[in-house]
1. Any idea how far apart Ala260 and Ala194 come out in nm if each label point goes 7 Å out from Cα toward Cβ?
2. Relative contact order (percent) for region 174-251, with alpha-carbon contacts under 8 angstrom and 6 or more residues of separation?
3. So how strong a dipole does region 25-93 carry about its Cα centre when Lys and Arg Cβ are +1 and Asp and Glu Cβ are -1, to the nearest 20 debye?
4. Gap in Å between the Cα centre of region 210-273 and the Cα centre of region 44-82?
5. For the pair Glu44 and Asp236, how long in nm is the line joining their label points, each one 7 Å along Cα→Cβ?
6. Using the Cα centre as the reference, give the magnitude of the dipole from point charges on the C-beta atoms of the chain (Lys, Arg: +1; Asp, Glu: -1; all else neutral), rounded to the nearest 20 debye.
7. With +1 on the Cβ of every Lys and Arg and -1 on the Cβ of every Asp and Glu, and nothing else charged, how large is the dipole of region 200-273 about its Cα centre, in debye rounded to the nearest 20?
8. Which part of region 160-177 falls in the paramagnetic zone of Ala124, meaning amide N under 17 Å from the point 7 Å along Cα-to-beta-carbon?
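The values are calculated or read from the model by the stated rules, or taken from the named source; none is laboratory data. Values in this document were obtained by computation on a predicted structure and should not be read as measured data. Don't worry about glycine lacking a Cβ; one is built from the backbone with ideal geometry, like all the others, and counts go over all protein chains shown. For accessibility, only protein heavy atoms count, side chains too; no ligands or nucleic acids. Shrake-Rupley method; radii C 1.70, N 1.55, O 1.52, S 1.80 Å.
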Amino acid sequence: MTSRVRPMKLAFSTLGVPGLPVPEVLALATAHGYHGVELRAHPEEPVHPGLSPAERADTAALFKTAGVEVLGLAGYTRVAAPGDDAPVLAELRDLLHLAHDLGAPFVRVFPGADPDRPREESDALAARRLGTAAEDAAALGVRILLETHDSHRTGAAAIRILGPVGHRQVGALWDVMHTWLGGEQPSDTYAALAPHLGYVQVKDIASADDTVPLPLGAGVLPLTECVDVLLRHGWDGWLCWEYEKRWYESAAPLPGLLGAGREHLLRLLGEAA
């Protein structure tokens, strides 16, 4: 086994606490021992590209004072979506500037390809846009991460876009639910994404047909195998709990689960080590 340089850092996404003001998000992170927060960058949320320079500075200062890192911005740009490049690139650049202003190292994007278009066309479209945006990302010191999601839910699918881009400012975000739903083994996902991997989103669900979020360890997702493969290869990045409360009102509130969730991840890390 490759020795780890440092233990993985733990974060949670504000998708689990919809609309919660930043000071309250930071209070949860510090109370439950999370090193960082992934901010859902959407107009419904306190943090989005419409913030003024002063609001951005205030938000960055709150994180710094709390000693919590902004892991990344979870944006909704669909880089393989049909249509002109200009609106897609403009939306992505707005996210990159916001990430820069907040000190966030990563911006999340989705594939979002049209299933009725030839696969090669959508892959080439996404690669072209990401390659163009990579220059802006490099100038701003931010990395764009393509999430394993929707039209490209496996590592094997994501690499069809990332391979041709070939730019270090464009990488991958491994969502363990989507690769599992796509029938891909964690070892195969890691093999595909390893050169590009930014961070990993963990979660849990009851089954492929019931994706209501569950406490970590209470469902069927291969979290043990995912952590094991990461540690076996000496990977020491972030694990971010993306609890999809925004989409499932019936799900238990995240704040009451954060402590046990952190303990579960630490237990997995300890066992794998």
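1. Once both label points are built, they end up 3.5 nm from each other.
2. Working: 102 pairs, mean separation 26.4, N = 78.
This gives 34 percent for region 174-251.
3. Details: 5 positive and 9 negative charges, 33 e Å.
Its charge dipole is roughly 160 debye.
4. If you average the Cα positions of each part, the centres end up 23 Å apart.
5. That separation, rounded to one decimal, is 3.8 nm.
6. On the way: 23 positive and 35 negative charges, 154 e Å.
The calculation lands at about 740 debye.
7. Details: 6 positive and 11 negative charges, 42 e Å.
Approximately 200 debye in magnitude.
8. Under 17 Å, as judged by backbone N against the label point of Ala124, lie 160-166 of region 160-177.
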